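Report on the structure given below.
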Amino acid sequence: MDATVARYDELLNQLTRDTFADPEVQEFYEMRLTPRRAQIIAQQFGLFVRGRRSAWAYLIARCPHMEVKKELLAHETEEMLFDPRCGSDHYTLWVRHGEAVGLTADEVHHAQPLPTTRAAICGWSWLAFNLSWLEGLGGVAVLERVNLDPIIPGGAHQTRAQERWTKDLGLTLEQLPNFKLHREADTDHKGQTMELLANYATTDVEWEGILEAARQSLEFWQVFLGGIGRAMEGVE
């Protein structure tokens, strides 16, 4: 990784760290889980996983480079069809999380989005559809960094979530396959997408556009988690 790419890579890491310092994000991670609160998380994250597929599809459609299309399609094949790390698609894992806290598969499939969930999903699709494909990729892909422990002091999203679901709810890691999978998968995906950005972002102007798209994307993440946190506060 050359010096310019390394500098922007670290700036993207810092944006991600700053997101974890947001008060609503901190409140989400500090709130004690109950089965009902966990059900809200399972339903909204199921919608999140499904909703983000549109953003990646827009990137595949709009990118003019066949080799990049192939890389993104491989990414989405794991998400939507089959990831050998877990033996299923990724959405199915959230169905299993929902079942672990008393939901049926239908209750996960037919969950109603919170207004904040709907807004965040629309935001990610907007980035992918309206910005340049390179900026859109930077914005959509930055969320993979929220799962990477090496860049987040105190543990990244999946690690913090795993601790709460096991400690507060008494569930086992076998019942919660999503957490381990995404620590592994998003480490690989982050490397893949950063390589694509490095291959095609050739100017500081392009990198600054990527940073701005990433900043907006992480703001949508704050909106998403904040909405779930407020919904959880309303139930025991």
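What would the Debye formula give as log10 I(q)/I(0) at q = 0.16, 0.22 Å⁻¹ for the alpha-carbon point model of the range 100-236, no solvent?
-1.00, -1.44
Please build a GNM for the chain, connecting alpha carbons under 10 Å apart, and tell me which residue among GLY46, GLY102, GLY209 fluctuates the most.
GLY102
Would you give the gap between the C-alpha center of the range 1-31 and the C-alpha center of the range 59-125, rounded to a whole Å?
With the range 1-31 and the range 59-125 each reduced to a Cα centre, they are spaced 22 Å.
May I ask you to sort THR202, THR34 by Cβ crowding, counting other Cβ atoms within 10 Å and putting the fewest first? List each step's numbers first, then the result.
Numbers: THR202 11, THR34 15.
Ascending Cβ contact count within 10 Å gives the list THR202, THR34.
Please report THR203, THR193 as a ranked list, fewest other C-beta atoms within 10 angstrom at the top and most at the bottom.
THR203, THR193
Toward the positive end of the charge dipole of the range 43-169, about the Cα centre and with charges on Cβ (Lys, Arg +1; Asp, Glu -1), which of ALA100, TRP124, SER54 goes farthest?
Result: TRP124.
Run the dipole for the range 1-92 about the Cα centre, Lys and Arg Cβ at +1, Asp and Glu Cβ at -1, nothing else charged, and hand back the magnitude in debye, nearest 20.
On the way: 12 positive and 15 negative charges, 85 e Å.
So the dipole magnitude of the range 1-92 works out to roughly 400 debye.
Hey, fewest Cβ within 10 Å first, where do ARG37, ARG164 land in order? Can you show the working numbers first?
On the way: ARG37 23, ARG164 18.
Neighbour counts put them in this order, fewest first: ARG164, ARG37.
What share of Cα pairs, in percent, lie more than 28 angstrom apart in the chain?
The share of Cα pairs beyond 28 Å in the chain comes to 27 percent.
Read the figures in this text as sums done on the coordinates, not as results from a lab. It should be emphasised that the depicted structure is a prediction, and the values quoted were computed from it without experimental measurement. Ideal geometry is used to build each Cβ from the backbone, glycine not excepted, and the neighbour counts take in all protein chains shown.
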